[in-house]
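Structure, as structure tokens:
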Amino acid sequence: MHTSDPALTDVVLEHVRRRLAADPAPLGRRGDAHELAAGLDGAIGAEPLGLDAAMRLYVQHIEPTIASSRSPRYLAYIPAAPTPAATAFDMLVSAFALHGDGWEDCSGAIAAENQALRVIADRAGLPAGAGGCFVSGGSAGNLSALVVARDSRPPVTRPRIAVTAETHSSVANTLRIIGVEPFLVPVEDHRLTGAALRAALLEDEAPETVIAVVATAGTTNAGIIDDLEGIAEVARELGIWFHIDAAYGGGALFSDRLRPAFAGIEHADAVVIDPHKWLFTPFDCGAVLYRDPAKAAAVHTQEAEYLGNPNAGEWNPSDYAYHLTRRARGLPLWFSLATYGIDAYGRAVDAGRALALATAALIEASDQLELVREPGLSVVLFRRHGWGQGEYEAWGELLFARGLAYVAPTKWEGRPVGRLVFIHPDLTLDVVREILATLEEPTPTVARRGSLAQVAE
Ligand SMILES: *Cc1c(COP(=O)(O)O)cnc(C)c1O
């Protein structure tokens, strides 16, 4: 089965070519568990199913039931919108199993990845010595960096890390994994400020056990950027680690218009940015950058007889996160940045921001709808009068079933609200109008998960 087979490659590439030519990408639909089980039944056995049959299963059952994050109509969670260059190059990275754990045998990949990381570090204003690596995403970045925060300082008993109610769930997960307790800072209007952090520490009985603060630059729920400058000042005064989670928002550093909102990010000890969110890179690509990478290497470098020669080179990405083997997942970003240039990224981010502002204006102009707050970055939160959780969910199901959009509701101050997130620069305002028009229809209801009924009331 290891014999080179150009015909097989052609079958797969031909399908990729056809799919990529479908522009815009189809949105997809949700699969039914029983149908999928029946469809895939017996696919893998001791004897071969064969190329054509396996491909048919993929085309019939698998692909259509994955909501395409490449579709401009995907507006849930944080969408992705990988560029054609990044998409094509990701295929190349996979095709040749391009790896990137150590300089010893992956030097070119690492040099290019580091060039892309440098571009991000420059936008953030981090010093020349800053560096890090690409990981699978924000969760892996937060975990890797907060371990460094804990272990690159004298130990304290029962250490705590300052967070807010808006801090991403992956940070709560990280703290549980690394055995650090959260120090929950109460904030006004969902935004951590230096003053709020200072006040919370003053009221606490053991402030010296707070070893780090996590600021968010673009909250996932609402796109709010914390007071990075003020928090940096408190962190500097106390000599604690200043971590910035910019997994979603970080791409906006490339917009000259939005960059000022990130003032203070240049003081961070570590920054986490997901290129697979607002830097138009395929999954799974997160970046973790350290002000002083030597601290990260001291914590993460693994040593063993079978790990080869650690002194063979310049830079080992495996030293800057908890991982070891990794695909060179930063190369698609590198290729795309080189292909289109940095300015194109700023323009694409601005397009998402402009769509969010225009959508907010449409919502404000509607009698049925209420804008929850000015959009933070590219997140729009809104209420439809009279709706509860069930109606927002049913509306989402209806949009998905009609192929109009993929959306997911959220909660704001305890109450369910609608949420739209704009990343894809090619989404048009006409499509947004089409989506918002469905909010004027009779209230939808859902009979049960996955099946849909619209009941006029
Ligand atoms: C998405 C997100 C994460 C988690 O990133 P993954 O890539 O999903 O692991 C962390 N923090 C913030 C602010 C995010 O938006």
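For the chain, what is the calculated [θ] at 222 nm in deg cm²/dmol (nearest 500), taking -39500 (n - 2.57) for each run of four or more DSSP H residues and dividing by its residue count?
Rounded to the nearest 500, the figure is -12000 deg cm²/dmol.
Can you tell me the Rg and the Dmax, both Å, for the Cα atoms in the stretch 158-237?
11.8, 32
What is the pair-distance distribution P(r) of the chain, computed from all Cα-Cα distances in 20 Å bins starting at 0, with each bin given as a whole percent?
23, 52, 24, 1
Can you give the relative contact order of the stretch 1-133 as a percent, counting alpha carbon pairs under 8 Å and 6+ residues apart?
Computed value for the stretch 1-133: 19 percent relative contact order.
Using just the C-alpha positions of the stretch 299-347 as equal point scatterers, what log10 of I(q)/I(0) does the Debye formula give at each q in 0.18, 0.19, 0.20, 0.32 1/Å?
-0.71, -0.74, -0.78, -1.23
Using a cut-off of 13 Å between beta-carbons, work out the net charge of the residues near Pro26 (Lys and Arg +1, Asp and Glu -1, Pro26 not included).
Computed value for this residue: +4.
Given a 1.4 Å probe, how much area per residue of the chain is accessible, in Å²?
Solvent-accessible surface per residue comes out at 46 Å².
For the chain, with the dipole built from +1 on Lys and Arg beta-carbon atoms and -1 on Asp and Glu ones, taken about the Cα centre, which of Thr438, Phe280, Ala112 lies farthest toward the positive end?
Positive-most Cα among the choices belongs to Thr438.
Express the relative contact order of the chain as a whole percentage, based on alpha carbon pairs under 8 Å and six or more residues apart in sequence.
Relative contact order, the chain: 20 percent.
Toward the positive end of the charge dipole of the stretch 45-134, about the Cα centre and with charges on Cβ (Lys, Arg +1; Asp, Glu -1), which of Leu57, Ala88, Leu75 goes farthest?
Farthest towards the positive end: Leu75.
With each label point set 7 Å from Cα along the Cα-Cβ vector, what nm distance links Glu364 and Ala298?
Each label point is offset 7 Å from its Cα along the Cβ direction, giving 5.1 nm.
Given the C-alpha centroids of the stretch 1-37 and the stretch 103-173, what is the distance between them in whole angstrom?
34 Å
Wrap a convex hull around the Cα atoms of the stretch 337-433, take a quarter of its surface area, and give that in square nanometres.
Hull-based average projected area comes out at 7.1 nm².
When a/c is below 1.5 the answer is rounded, else prolate if a/b is larger than b/c, else oblate, so apply that to the stretch 267-404 with a ≥ b ≥ c taken from the square roots of the Cα gyration tensor eigenvalues.
Prolate, because a/c is 1.5 or more and a/b exceeds b/c.
Give me the extension gain from Gln60 to Leu324: residue separation times 0.36 nm, minus the current Cα-Cα distance, reported in nm with one decimal.
Going from the current span to full extension adds 91.4 nm.
If you restrict to DSSP beta bridges whose two residues both lie in the chain, what percentage is antiparallel, to the nearest 5?
The antiparallel proportion sits near 60 percent.
Give the carbon-plus-sulfur fraction of the accessible surface of the stretch 1-80 in %, rounded to a whole number; probe 1.4 Å, heavy atoms of protein chains only.
59 percent
Rounded to the nearest 20 Debye, what is the dipole magnitude of the stretch 1-159 about its Cα centre when Lys and Arg each give +1 and Asp and Glu each give -1 at the C-beta?
So the dipole magnitude of the stretch 1-159 works out to roughly 880 debye.
Between Leu404 and Glu434, what is the spin-label point distance in nm, taking each point 7 Å from the Cα along the Cα→C-beta axis?
My value for the distance between the label points is 1.0 nm.
Please report, as a whole percent, how much of the solvent-accessible surface of the stretch 199-284 comes from carbon and sulfur atoms (probe radius 1.4 Å).
52 percent
Please give the length that would be gained between Ala338 and Ala165 if that part of the chain were fully extended, namely 0.36 nm times their separation in residues minus their C-alpha to C-alpha distance (nm, one decimal).
58.4 nm
Please work out how much length the chain gains when fully extended from His385 to Glu237, using 0.36 nm per residue of separation minus the C-alpha to C-alpha distance, in nm with one decimal.
Contour length minus the Cα-Cα distance gives 48.6 nm.
On the principal axes of its Cα set, how long, how wide and how thick is the stretch 214-283? Give whole Å, largest value first.
39, 25, 21
If you bin the C-alpha pair distances of the stretch 88-152 every 5 Å from 0, what whole percents do you get?
Here the calculated profile for the stretch 88-152 is 4, 14, 17, 25, 23, 12, 4, 1.
Ignoring any ligand, DNA or RNA, what whole percent of the accessible area of the stretch 321-404 comes from carbon and sulfur when the probe is 1.4 angstrom?
Looking at the stretch 321-404 in its full context, I get 53 percent from C and S.
The values are calculated or read from the model by the stated rules, or taken from the named source; none is laboratory data. From a predicted model like this one, the values you see are computed outputs, not experimental measurements. Here Cβ is always computed from backbone atoms with ideal geometry, including for glycine, and neighbour counts include all displayed protein chains. SASA here: full protein model, heavy atoms, side chains in, ligands and nucleic acids out. Shrake-Rupley method; radii C 1.70, N 1.55, O 1.52, S 1.80 Å.
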